[in-house]
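Data first, discussion second: the structure below is written as structure tokens.
The values are calculated or read from the model by the stated rules, or taken from the named source; none is laboratory data. These numbers come from a predicted model, not from an experiment. We place every Cβ from the backbone using ideal geometry, glycine too, and count neighbours over all the protein chains shown.
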Amino acid sequence: MSFLSFLDREKSIAEPEYNRWLFPPSALAVHLCIGQVYGISVFNIPMTKLIGINEPVKGVDWTIPEIGWIFSIALAVLGISAAVFGKWVERSGPRKTMFISAVCWATGFLVSAFGIAIHNIWIVYFGYGVIGGIGLGLGYISPVSTLMKWFPDRPGMATGIAIMGFGGGAMIGSPLAVELMNFFKTPSSMGVWETFVAMGLIYFGFMLFGALTARIPAPDWKPAGWTPTLQPRKMMTSANITADVALKTPQFWLLWIVLCMNVTAGIGVLGQASPMIQEMFLFKKFRDMGLDEKEVVKMAAAAGGGFAALLSLFNLVGRFFWSSLSDILGRKTNYMIYLGLGTVLYALIPMTGQIGSIVLFVVLFAIIMSMYGGGFATIPAYLRDMFGTMQVGAIHGRLLTAWSTAAVLGPVLVNYIREYQINNGVPKAEAYNVTMYIMAGLLVVGFIANYLVKEVASKYHHVEETEPQKEMSNSLQMQRA
Amino acid sequence: MEHVTSGSEQKSRNLFKLIISWTIVGVPSLWAVWQVVVKTVVLFQ
């Protein structure tokens, strides 16, 4: 379609005077929108009362587990679409990819709004989960790989900016959804489908800004005053490895394990953070203050929500801080810290309950969450160091299947272990201890995998055909034809 | 007649674009951080 040709990769190559700091806002505009997926739980309660309005109608209204699948499908499709379309993303450039991501994300909201209006959850699964999930996958990897091309001197910091945006998406999306639902709520409607329509349109506008302002550097472009070192640092290749070949290297699968273990541990406790602090500390604290039970529950829930919000802030800041630090320390060292220090901190959490120190509990969790975010943000730069920039977006896309796996594994592991213990008579406040030790064990597995990561062997390097070679292969093809 | 952009004109144009772009993404981000700060205050009260 020629009228959409302005989206082509060739049309989005930046002019020489373009300031590279103009690209991070474009990337952030997309990531801040798609990051809303982490705040989808804000719709959980309202969606259980779409028919009953004041109370859920049993057997008619949707249940929380049914609604929970929307998030799981979206994250699973994120990983799959990033893996499947990764090479296309590299070929098409950021503008076209970000535009299509915007179309998918907004369409996902609009289709879901229709599903909510006629009360058909399968339409919501298809809309938000599948169509929106494709928007998530495309929108996640494209800005990240482009940022690494704009900031070859500071790739960790650059990807940290974008992935910090993804972490911040829920922080914007959740309160925005609450405000909109309050605005649209009537005696006969929870205001949910109207909110989906409004959010779809708002996000489309925002992401369109990101797509239209996106530029890629010219092939021979490099930052002013920066010259690539001829002798690259240890664990940093100057060669390129294609996405297909990367799958054949042990490094790819070791990094897959590293990401999967780090995210499984983090995601598992992130969802449990609020009930955990309430059961370990807050109920006792408010009861000791002499409050009646109703007040205790109310106060604990409010404080638990505050704790979850604080963790999301550390998750966000950690993405930028740790990823930027990796430009100095090196990616492998950074992951040694995330996984090594993380193991110690997870193992110390039960001790905070025993000594009754809520401050220490909050501090430990804040550091853990910052490193969880850091793990997400540093992985693209780690991939770039290992496999070069040529198809890093596609390789990143394939690695995100580790995230999809962890998104299922983490919550299931935590919930199952907790239920098992409570059913076996372990007090609620102590039921998290074993979970913490298991999470620490997962990080040990990740630590070993990271330790085993070495430079990719030269036999995997992509070799560019020289002009005579190209001519020869062209003439051979013509002869065969 | 072709208009040739001078270096300083280009610089101020870039600066203007930078301010606009960062404001567009910065304002909602700061609003979100503020929401978190308000909620967190409850935890330490």
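The table that follows gives values for the structure above.
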| read-out | value |
| --- | --- |
| Among (1) at pLDDT below 90; (2) in a helix (DSSP H, G or I), the one test that A:I368 misses | (1) |
| Test: residue in region A:57-68 that is in a helix (DSSP H, G or I), under 22 Å from the mean Cα position of the chain (by Cα) and either under 30 Å from A:L147 (Cβ atoms) or within 11 Å of chain B (Cβ to nearest Cβ) (or both) | no |
| In chain B, the residues that are over 12 Å from A:G306 (Cα atoms), at pLDDT below 85 and either among the small types (G, A, S) or touching a Leu at 6+ places or on another chain (Cβ under 8 Å) (or both) | B:S6, B:G7, B:S8 |
| Residue match in region A:47-54 (condition: at the interface with chain B (Cβ under 10 Å from one of its Cβ atoms) and loosely packed, with under 12 Cβ neighbours inside 10 Å) | no |
| Residue check for A:I448: at negative phi and in contact with a helix residue (DSSP H, G or I) (Cβ under 7 Å, 6 or more places away or on another chain) | no |
| Test: A:V344 is farther than 20 Å from A:F252 by Cα, away from chain B (no Cβ under 14 Å) and either in a helix (DSSP H, G or I) or of a type in the set (V, I, T) (or both) | yes |
| Checklist (1) within 17 Å of A:A170 (Cα to Cα); (2) buried (at least 24 other Cβ atoms within 10 Å of the Cβ) applied to A:I134, failing item | (1) |
| Only one of A:I277, A:I355 that is under 28 Å from the mean Cα position of the chain (by Cα), over 23 Å from A:V444 (Cα atoms) and β-branched (V, I, T) | A:I277 |
| Lone unmet requirement of (1) more than 18 Å from A:I163 (Cα to Cα); (2) within 13 Å of chain B (Cβ to nearest Cβ); (3) at pLDDT below 85 for A:Y38 | (1) |
| Failed item in (1) among the small types (G, A, S); (2) over 25 Å from A:I422 (Cβ atoms); (3) part of a helix (DSSP H, G or I), with A:G290 passing the rest | (3) |
| Out of A:A211, A:A170, A:A177, A:A198, sole residue that is out of contact with any Pro (no Cβ under 6 Å at 6 or more places or on another chain) and facing another protein chain (nearest Cβ under 10 Å) | A:A170 |
| So A:F307, is it surrounded by 22 or more Cβ atoms within 10 Å (Cβ to Cβ), at pLDDT below 90 and either touching a helix residue (DSSP H, G or I) at 6+ places or on another chain (Cβ under 6 Å) or under 22 Å from A:L442 (Cα atoms) (or both) | yes |
| Unique residue being farther than 20 Å from A:I13 by Cα, within 14 Å of chain B (Cβ to nearest Cβ) and of a type in the set (A, V, I, L, M, F, W, C) when the list is A:M157, A:M164 | A:M164 |
| Residue within region A:221-238 that is in contact (Cβ under 8 Å) with a residue 60 or more places away in the chain, under 28 Å from A:C104 (Cα atoms) and either away from chain B (no Cβ under 14 Å) or in contact with a strand residue (DSSP E or B) (Cβ under 9 Å, 6 or more places away or on another chain) (or both) present | no |
| Scan of region A:4-26 for residues that are free of Cβ contacts under 8 Å to residues at least 12 places away in the same chain and among the hydroxyl-bearing types (S, T, Y), ordered by number | A:S5 |
| Which listed residue is more than 30 Å from A:R384 (Cβ to Cβ), in a helix (DSSP H, G or I) and more than 14 Å from chain B (Cβ to nearest Cβ), from A:F307, A:F252, A:F283, A:F321 | A:F283 |
| Within region A:407-433, tally of residues that are more than 23 Å from A:G375 (Cβ to Cβ) and aliphatic (A, V, I, L, M) | 4 |
| Residue match in region A:209-216 (condition: under 24 Å from B:V38 (Cα atoms), small (G, A, S) and outside any helix (DSSP H, G or I)) | no |
| Criterion (closer than 17 Å to A:N450 by Cβ, modelled with pLDDT under 90, buried (at least 24 other Cβ atoms within 10 Å of the Cβ) and not charged (D, E, K, R)) met by exactly one of A:A381, A:A377, A:A406 | A:A406 |
| Evaluation of A:F183 against (1) surrounded by fewer than 19 Cβ atoms within 10 Å (Cβ to Cβ); (2) within 14 Å of another protein chain (Cβ to nearest Cβ); (3) within 24 Å of A:G169 (Cβ to Cβ) (one fails), failing number | (2) |
| Residue in region A:85-119 that is surrounded by the fewest Cβ atoms within 10 Å (Cβ to Cβ), counting only those that are free of Cβ contacts under 8 Å to residues at least 60 places away in the same chain and of a type in the set (A, V, I, L, M) | A:I118 |
| Number of positions in region A:1-35 that are in a helix (DSSP H, G or I), within 14 Å of chain B (Cβ to nearest Cβ) and among the aromatic types (F, W, Y) | 2 |
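Conditions tested, residue by residue: (1) more than 27 Å from A:M276 (Cβ to Cβ); (2) at pLDDT below 85; (3) part of a loop (DSSP other than H, G, I, E, B); (4) in the same structural domain as A:F365 (by TED's automatic domain parsing).
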site: A:E419; (1), (2), (3), (4): no, yes, no, yes
site: A:I438; (1), (2), (3), (4): no, no, no, yes
site: A:L443; (1), (2), (3), (4): no, no, no, yes
site: A:I448; (1), (2), (3), (4): yes, no, no, yes
site: A:K454; (1), (2), (3), (4): yes, no, yes, yes
site: A:E465; (1), (2), (3), (4): yes, yes, yes, no
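Condition check ((1) of a type in the set (S, T, N, Q); (2) free of Cβ contacts under 8 Å to residues at least 40 places away in the same chain; (3) assigned by TED's automatic domain parsing to the domain that holds A:M276; (4) in contact with an Asp or Glu (Cβ under 9 Å, 6 or more places away or on another chain)) across all residues:
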| position | (1), (2), (3), (4) |
| --- | --- |
| A:D288 | no, yes, yes, no |
| A:D292 | no, yes, yes, no |
| A:A302 | no, yes, yes, no |
| A:A308 | no, yes, yes, no |
| A:L311 | no, no, yes, no |
| A:N315 | yes, no, yes, no |
| A:G318 | no, no, yes, no |
| A:S324 | yes, no, yes, no |
| A:I328 | no, yes, yes, no |
